[in-house]
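Since every read-out is calculated from the coordinates, none of them should be taken as a lab result. If you're wondering where the values come from, they're calculated on a predicted model, not measured in any experiment. For neighbour counting, all protein chains shown are included, and Cβ atoms are generated from backbone atoms with ideal geometry for every residue, glycine included.
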């Protein structure tokens, strides 16, 4: 396993410059109340960035088997709400991503996010053609029937090495993202951290899978 590295989630680097690390992350873009309803939609872009094509996003064999060669790439947002009070959609990305809701997982290999089994996780699995360029996928949302503000929760993701001796092996990401709050209204400092996460200013960890059982 290559040594884990620390860096900044460079969301804006897709349009600002070439210094960004490869990444597959969710970018929180804001919350929208649904008219005449108690539901609020929390909206996201999914961003894939690569360094001159050295990493790729692939559907693989279509199976979610984190860390395994040729497995499908994905991103999971953790602990977004309670069963019966939360839902999700892929919006304009419905032909490129599928989604699942579950109590635990699906977790990228060699990452250990906090994962409350009493709360729902959302996984978006990539099912489209292989991507080797910086790409923004818009239109994702998580709907919550309880307005408890926003909270910082983990995400993990998997994409694929596309160059050198490690070609075809899987790359794991772990970081933080703003999601619907599932407890008390967060303190102002927590809201500030959530906004920083949405803007891509908090650290994440990247692990490359180079050995497989």
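Exposure proxy shown here: for 94, 74, the number of other Cβ atoms within 10 Å sets the order, fewest to most, as 94, 74. Under a no-solvent Debye model with one identical scatterer per Cα of region 33-134, what's log10 I(q)/I(0) at q = 0.15, 0.22, 0.23, 0.24 Å⁻¹? Normalising to I(0) and taking log10 leaves -0.70, -1.27, -1.33, -1.39.
The protection proxy used here, the mean number of other Cβ atoms lying within 10 Å of each residue, ranks peptides 56-63, 132-139 as follows, highest first: 56-63, 132-139. Computed from the C-alpha gyration tensor, the three semi-axes of the ellipsoid equivalent to region 28-72 are 34, 16, 7 Å, from longest to shortest. Taking 0.36 nm per residue of sequence separation and removing the Cα-Cα distance, the residue 136/residue 114 pair yields an extension gain of 5.2 nm. The slack between residue 54 and residue 83, meaning 0.36 nm per residue of separation minus the straight C-alpha distance, is 6.5 nm.
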